[in-house]
2 protein chains.
Amino acid sequence: MRRFVIRRVRSLLDRSNQHHHHYKNNPFLLSSQYQSRFLSSTSVLGSSSSPMAPAVTVDTINPKVLKCEYAVRGEIVTLAQRLQQDLKDNPGSHPFDEILYCNIGNPQSLGQQPITFFREVLALCDHTPILDKSETQGLFSTDAIARAWQILDQIPGGATGAYSHSQGIKGLRDTIAAGIEARDGFPADPNDIFLTDGASVGVHMMMQLLIRSEKDGILCPIPQYPLYSASIALHGGTLVPYYLDEAAGWGLEISELKKQLEDARAKGITVRALCVINPGNPTGQVLAEENLREIVEFSKQEGLVLLADEVYQENVYVPEKSFHSLKKVSRSMGYGEEDISLVSFQSVSKGYYGECGKRGGYMEITGFSPDVREQIYKVASVNLCSNITGQILASLVMSPPKVGDESYDCYCAERDGILSSLARRAKTLEDALNSLEGVTCNKAEGAMYLFPRVQLPQKAIKAAEAANSAPDAFYCRHLLNATGIVVVPGSGFGQVPGTWHFRCTILPQEDKIPAIVSRLTDFHKKFMDEYRD
Amino acid sequence: MRRFVIRRVRSLLDRSNQHHHHYKNNPFLLSSQYQSRFLSSTSVLGSSSSPMAPAVTVDTINPKVLKCEYAVRGEIVTLAQRLQQDLKDNPGSHPFDEILYCNIGNPQSLGQQPITFFREVLALCDHTPILDKSETQGLFSTDAIARAWQILDQIPGGATGAYSHSQGIKGLRDTIAAGIEARDGFPADPNDIFLTDGASVGVHMMMQLLIRSEKDGILCPIPQYPLYSASIALHGGTLVPYYLDEAAGWGLEISELKKQLEDARAKGITVRALCVINPGNPTGQVLAEENLREIVEFSKQEGLVLLADEVYQENVYVPEKSFHSLKKVSRSMGYGEEDISLVSFQSVSKGYYGECGKRGGYMEITGFSPDVREQIYKVASVNLCSNITGQILASLVMSPPKVGDESYDCYCAERDGILSSLARRAKTLEDALNSLEGVTCNKAEGAMYLFPRVQLPQKAIKAAEAANSAPDAFYCRHLLNATGIVVVPGSGFGQVPGTWHFRCTILPQEDKIPAIVSRLTDFHKKFMDEYRD
């Protein structure tokens, strides 16, 4: 059934008129492709009064921008925002009283509380004059005050408002490197750390470095987090898909990697890198150590840069699995700097901390020659540095309170409370989804998402086609209109052609889960009753 | 004497062997071009042990990355960092005891203190549980507490750790729009505001939108802030230079704009936008309202997007000049949305606040069609949102304390103290530079820099050539080695071929200025004694 077609992410505004019949072959088909044909005829302001043609129209902007897609903030979310406004303006106008944003991994937007110690340190670093005031002792824990002093000592002049070194403050990179060493049991070098405004910026930097033209390809899992397809499109490269095996719990098979790599090469694509997302987004699997070893070996043999998206490293919910970094795995195989080029991405947005709005993160770059590293540094320097609050938070995340610190018990309670609740929510939602007619859902072993497959009846598929919509987007739109629950169609992440999925976060607070389950179950039953073949 | 050559920013690692004789025609020549020929032969790690070619070498990375240059964090700064380490390891090893970083507009790194009110609000928004504790009253001003509550009310769930709307938190954009209205006396729409991690990100977004290939050109002042040349290079476009008239206080002449535009068009370049930096960086001029009107008229007539870098809008030091935004000027001419496409960039890094490390800023986008705006929004959404701390700070900068607020007097004293001190420092340094043999320096009417011209003797130019260095970089390197003062060679900003300049910030604290003046004067005298023809 699978057709392993290597193709570039298709244009949002592709003007060819046949594209609404193509979805059966295209793992990336987005619902917005159906909509955009109408949007694109919007007239351009000013064209009548200006003596020249208008300065910019969609026909004259960079076509790579047009090609780029980012479904997790796409059309369904725009509709949700409109409904939310409706509810505010006309309470009771919809069959629900709130919008539940399950489209994006944004825990604090759904009520998750930040870790107290982290925020204490950030506040103290923002307004340092209070550090030696007596009232401060009553408001902040002693280890937060000590940590703030320690961080200020690492910043030249204690100036948290100054641009830092373009890789980030050296002392914070020391702390992060020590955290990586403690995690992996192998050395980490602070000079390999580049602090970034979230992980996305690091991914863009690597794509910018590696992609020269559409003849350069990046191997990405399908389904994938659409940052990858978006960034590859923006940089004009080719996404080379490798399919995760849904029947094997979204397993990553080396034979599939090899096949896709060879197919791409046969088509004249220079495959430059292999992206691995572990734990998986949107798929939630946690890769086994043995599997990671195979991935390292494959990358080394094939001369691929290994791009390791490890932002969910703290989000593992099943006792039989644990997180292993690709750096640890490669070092444990005896491979060093000379053997493999590896970039590991980490973020303050995920884990138990969920500090999305702080835009902190780092990439650890190993196995690159000094002259290439110099180029990476140069690109980092063009944006001067990442935000210092995010830098500080990245250091805290990699070096939380320790046994004996005043905050330790509170920190552990907060962390464990969040992680165990996430595990319970994942299980409840997974069970609920699996109980629905025609729906199968793999376990969320990690990360923050479920990615159920929905066996849509032919009647629903036909109705979607008639509505000029992708079938999964049609389902998601109906779900939103009926329940206020916002999920993202599988086509935004890529899926085996002819299969339909959606991504749903496990992030709503636990007391909301029963209502979500019952709304979802009711909706699905009605949908099937309407469209069952 | 001027040769108005339109050329792309030249490659750092251009392998052609003749490039060190080209500098006389090239406004962008960087000293690192001389160095890089040696760097580029660095051997690549792993090439011996790997079964395949190494995954990445400088020969196989994106050539646009190679072409990109960013002098303000370039070779001279790297040398300075080495000297600083030397001083730490071996005190007394150099004829100075500290490095003075005058290479970049980074006020707090040189001791400028943040505005208390701004930092109080940031701290309170970071750690909200203290907002209603009694000790907090003793540590924070009442208006900072009130403002923090107000901001939290604008953030859904008060979640400062959540991703926001991709344009930024709506309530903060309302505040910023109100600030723009108060500044300009014309309406501003919060939906036109895109909050960004510093102004640089906004500039990159616009370049990404506008540049399709090297046939697309962007008119930029020469000298220019090298973010523009770097961003244009990274996006593969062509920088179309227009020269500011040094003899007329770095004036911007429309005839020059017209000439360069026509030359570029004759060469098949589609000129898409005109960048204006006002107050000027690195040149410090403040453009007169009449001049700005001509610029608006020119952009409108020629169908150019007007990119207004207005990040120094609060930095004006002379009573005879004041800042006028290009939006205000265009609206005062009766031009609205239909007439001109205008993007204004603002940042929290400059002004009297100088909060570089917070990476806050915004762009206000007017005169774009809805479908183009949708594309800009999509690109913004791929990075989810800018950091919330920076967003909050951007709102504070556009809405500082008002008469009657508890913080008002303190805020005014801090602001006025910084601005008047900057004005004094600018004048002292300008006078000192003008007293040097062969040096002429225009007034810094605004911004944070002086950009003196140095008439280098032929003997120095020959010595630089023999040292494989650009003459201005040769001068700056000697200055650094002799005094510890870090400035940036004019070639990093572009200059009329055959003229030599450097950029020096006015940011060292006032008590250091006399020593800087005397070190600079001594050095220059010795340099001239050694190289005078």
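The values are calculated or read from the model by the stated rules, or taken from the named source; none is laboratory data. Everything numeric in this text was worked out from a predicted model, so none of it was measured. Glycine gets a Cβ as well: all are built from the backbone with ideal geometry, and neighbour counts include every protein chain shown. Keep in mind that these areas ignore ligands, DNA and RNA; they rest on the heavy atoms of the full protein, side chains included. Shrake-Rupley method; radii C 1.70, N 1.55, O 1.52, S 1.80 Å.
List of remarks:
- Overall form of the range B:255-299: prolate. Here a/c, set by the Cα gyration tensor axes a ≥ b ≥ c, is 1.5 or more, and a/b is the larger of a/b and b/c.
- Principal axis extents of the Cα atoms in the range B:432-480, from largest to smallest and rounded to whole angstrom, are 37, 20, 14.
- Panel note: the C-alpha atoms of the protein assembly as shown, placed on their principal axes, show extents of 92, 67, 66 Å (largest first).
- Exercise: per-residue mean of other protein chain Cβ atoms within 10 Å, A:109-121: 4
- Chains A and B together, accessible area buried on both sides, 1.4 angstrom probe, square angstrom: 8600 Å²
- Value of Rg to Rh for chain B (Rh from inverse mean 1/r over Cα pairs, i.e. Kirkwood): 0.97
- Exceeding the 24 Å Cα-Cα cut-off - candidates A:K67/A:K267; A:K88/B:K328; B:K358/B:K443: A:K88/B:K328; B:K358/B:K443
- Principal axis analysis of the Cα atoms in the range B:68-202 yields extents of 56, 43, 30 Å, listed in decreasing size.
- Formal net charge of residues neighbouring B:D405 (Cβ-Cβ distance under 10 Å; K, R +1; D, E -1): -1
- For B:G336, the point set 7 Å out from Cα toward Cβ sits 7.0 nm from its twins in the other copies, listed from shortest up.
- Those aspartates and glutamates that a straight Cα-Cα span of less than 18 Å connects to B:K459, excepting residues fewer than 8 apart in one chain: B:E437, B:D472, B:D529, B:E530, B:D533
- Rounded to the nearest 20 debye, dipole of chain A from Cβ charges on Lys, Arg, Asp, Glu: 1800 debye
- For chain A, the relative contact order comes to 22 percent (Cα pairs under 8 Å, sequence separation of at least 6).
- Pairwise FRET efficiency - A:N191 versus B:L79, Cβ, R0 = 25 Å, nearest 0.05: 0.90
- Computed from backbone phi, the HN-Hα couplings of the range A:500-512 come to 10, 9, 9, 9, 10, 6, 9, 8, x, 4, 4, 5, 8 Hz, rounded to whole numbers (Karplus: 6.51 cos²θ - 1.76 cosθ + 1.60, θ = phi - 60°; Gly and Pro given as x).
- Computed [θ] at 222 nm, helices only, for chain A once each DSSP H run of length n ≥ 4 contributes -39500 (n - 2.57): -13000 deg cm²/dmol
- DSSP assigns beta bridges within the protein assembly as shown; of those with both partners inside it, close to 50 percent run antiparallel.
- For the range A:111-178, convex hull of alpha carbons as volume per residue, Å³: 119 Å³
- Kirkwood-type radius of the range B:406-497, with distances r between different C-alpha atoms, in Å: 15.4 Å
- For the range B:220-244, accessible area lost to neighbouring protein chains reaches 20 Å² or more, against the chain alone with a 1.4 Å probe, at B:L234.
- All other residues whose Cβ lies under 11 angstrom from that of B:S332 are scored, Lys and Arg at +1 and Asp and Glu at -1, for a net of +2.
- Gain on full stretching of the segment that runs from B:K525 to B:T142 - 0.36 nm per residue minus C-alpha separation: 132.4 nm
- Based on protein heavy atoms only, the range A:398-533 ends up with 37 Å² per residue of surface accessible to a 1.4 Å probe.
- Among the protein heavy atoms, those of B:D59 account for about 110 Å² of accessible surface (1.4 Å probe, every chain in place).
- Rule-of-thumb Rg ratio for the range B:181-287 [Cα; 2.2 N^0.38 Å; N residues]: 1.16
- Debye log10 I(q)/I(0) at q = 0.17, 0.24 Å⁻¹ for the range B:130-227, Cα point scatterers: -0.98, -1.24
- Accessible surface of the protein assembly as shown, 1.4 Å probe, proportion on carbon and sulfur as whole %: 52 percent
- Three-way shape call for the range A:283-382 based on the alpha-carbon gyration tensor, with the a/c threshold at 1.5: oblate
- Reported to the nearest whole Å, the Cα centre-to-centre distance from the range A:332-409 to the range A:460-496 is 36.
- Bridge orientation summary for chain A: considering DSSP beta bridges with both residues in this region, about 50 percent are antiparallel.
- Taking Cβ atoms as reference points and 9 Å as the exclusive limit, the residues near A:G367 contribute a net charge of -3, counting Lys and Arg as +1 and Asp and Glu as -1.
- Residue by residue along A:300-309, Cβ atoms of other protein chains within 10 Å of the local Cβ number 3 on average.
- Kirkwood-based Rg to Rh ratio, the range B:338-439, C-alpha trace: 1.13
- Packing-based order for B:229-242, B:500-513, using average beta carbon neighbours within 10 Å, highest first: B:229-242, B:500-513
- DSSP beta bridges confined to the range B:238-355 are antiparallel in about 10 percent of cases.
- Taking all pairs of distinct alpha-carbon atoms in the range B:81-126, Kirkwood radius in angstrom: 13.3 Å
- Residues of the range B:59-79 that bury at least 40 Å² of accessible area when the other protein chains are present, relative to the chain alone (probe 1.4 Å, heavy atoms, ligands and nucleic acids excluded): B:T60, B:I61, B:N62, B:V65, B:Y70, B:R73.
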